Structures are given as structure tokens and as C-alpha cells.
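So the structure is just underneath, and the comments pick up after that.
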Amino acid sequence: MRKFLVILDDSRECLNAMRFAAMRAARTGGGVQILSVIPPEEYQHWIGVADLMRAEARERIEVHFEVFAKWMRERQGIAPELVIREGEPVAEILAQIQSDPEVGVLVLGASPEKSGPGPLVTQLSRQSGSLPCPITIVPGDMSKERLQAIT
């Protein structure tokens, strides 16, 4: 089964990427894999409490994931899979794509801000010619109605 890999982070545009991935998967018989990456600096400041910080970060991610998963199950009939990795976000995204041959499309949300689409979109777009799958970039300010119309 082809999976749509979507990135779960704290950005506003993440919501539209989630919606797009779930709607496309539902319409094409695919699946959704949600990847969240814990950056190394998030838990390296205090070596003695690193395990506790790691556990708290994972708990926060799982709660955030469950909000999206509930919507995907109830509205789209999709049961998403959560993957949590630790490291540099771009490197971990690429590693996840390489490790799962069922990932067919990487879905990223683009920030509508004038400062640019965001660091993940910028960095991964530069590497798009050598990725093993296509990237779909979803505008962060696209309406739910427009997303439904194009998926």
C-alpha cells in the first residue's frame, strides 16, 4: 500500500498537510504515516534529565498525533501510523523515506508568511531531484473546501 508521509510539528501549516494526506489516502486507497522528529537540542541541555525530557517530548507528540488520528479515522476512514525519530529533521525525514519502501509521497505544509515556506520545504525542495519519492507541498492558508476539491 502506498503511504503518504506527513510531518507532525508545531507549525500552523502542518494542519493542511495532515488534511491533504488523509483526504488523498482515503480517495486513493493509501495510508498515512505521520512522522515527528525530536531535534537533538531539545533534550541535550541537561544530560541528567535527558530521558525524562525525551519521554515528555514523546508524550506531547502522541497527544498531538491522537487529535489528527481521531479526525482521520472518523472523517476519512484512515488509521494513520505514528513514527517518532530523534535527530536533525531533514536527515530523519530522508532516513524514514529510505527505511519504508511503501512511502510513495512526502507531504509538506508551506508557510504563508512572506519570509518563505519554512525550513523543511526550503531544504527538501533543494534535494527534490534526488529523492526516492515526489514531494507535495500544500499551501498553509488553503481553505478546507479547496483542499477537498483538489484531493
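The values are calculated or read from the model by the stated rules, or taken from the named source; none is laboratory data. Quick caveat: nothing in here was measured; it's all calculated off a predicted structure. Note that each Cβ is placed from the backbone with ideal geometry, even for glycine, and that neighbours are counted across all protein chains shown.
Only one of the listed residues (Lys70, Lys114) is at pLDDT below 90, surrounded by fewer than 18 Cβ atoms within 10 Å (Cβ to Cβ), on the phi < 0 side of the Ramachandran plot and of a type in the set (D, E, K, R). That residue is Lys114. Of all the listed residues (Gly87, Gly48), the sole one being touching a Pro at 6+ places or on another chain (Cβ under 9 Å) and at pLDDT below 95 is Gly87.
Take Leu120 and tell me if it is surrounded by 19 or more Cβ atoms within 10 Å (Cβ to Cβ) and at pLDDT 95 or above. In short, no. Taking segment 104-151 as the range and being closer than 18 Å to Ala26 by Cα and out of contact with any helix residue (DSSP H, G or I) (no Cβ under 9 Å at 6 or more places or on another chain) as the test, the residues that pass are Gly104, Glu145, Arg146, Ala149.
Among residues of segment 15-32 being closer than 11 Å to Ile137 by Cα and of a type outside the set (Phe, Trp, Tyr), the one that is surrounded by the most Cβ atoms within 10 Å (Cβ to Cβ) is Ala21. Taking each residue of segment 2-23 that is under 11 Å from Val107 (Cα atoms) and looking for partners that are surrounded by 21 or more Cβ atoms within 10 Å (Cβ to Cβ) and among the charged types (D, E, K, R) with beta-carbon atoms closer than 7 Å, six or more apart or interchain, yields Phe4/Arg24.
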